[in-house]
Amino acid sequence: LTPLGVSAASVNLDGRVVGGNARRAARAEIITRNLETGEDFRAVTNSFGYFRFENLPLGFYTIRVKQKNHESAPQFLDLSEDRSNYLIFLTE
């Protein structure tokens, strides 16, 4: 049985953002965009640079990071299953 309000066709994504010299990227904004619907999903990293998205619809996405005056180039993701420990490097 699937809990109410949660689609059976959803996935979770978690990972970490790392800045220059492997420093953690605390309070960085993570934006994922579903390429089929154009819908954006947002999360903020914790003090250690970790983030988590739950119940994202299956599909193809871009993911990028914004922190202060820095923004990563978008990366493409195929979210056809749960992804853990996804690493994003934020260059300065």
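The values are calculated or read from the model by the stated rules, or taken from the named source; none is laboratory data. The structure presented is a predicted model; accordingly, all values stated were derived computationally and were not measured. Because the Cβ atoms are built from the backbone with ideal geometry, glycine has one as well, and the counts that use them run over all protein chains shown. Side chains are part of the model used for accessible areas, which takes the heavy atoms of the whole protein and leaves out ligands, DNA and RNA. Shrake-Rupley method; radii C 1.70, N 1.55, O 1.52, S 1.80 Å.
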Each residue of region 82-88 in order: what ³J(HN,Hα) in whole Hz does its phi give by Karplus 6.51 cos²θ - 1.76 cosθ + 1.60, θ = phi - 60°, with x for Gly and Pro? 4, 10, 10, 6, 6, 10, 10
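Near Asn46, within a Cβ-to-Cβ distance under 12 Å, what is the net charge of the other residues, with Lys and Arg +1 and Asp and Glu -1?
Taking every other residue near Asn46 into account, the sum is +3.
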Round to a whole number: what % of the accessible area of the chain belongs to carbon and sulfur, probe 1.4 Å? 49 percent
Taking the DSSP beta bridges in the chain as the whole, what percent of them are antiparallel, to the nearest 5? 85 percent
Rounded to whole angstroms and listed largest first, the alpha-carbon spread of region 21-92 along its three principal axes comes to 33, 21, 16
Whole-Hz Karplus ³J(HN,Hα) for region 39-47, in order, using 6.51 cos²θ - 1.76 cosθ + 1.60 and θ = phi - 60°, x for Gly and Pro? 6, 9, 10, 10, 8, 10, 5, 7, 5
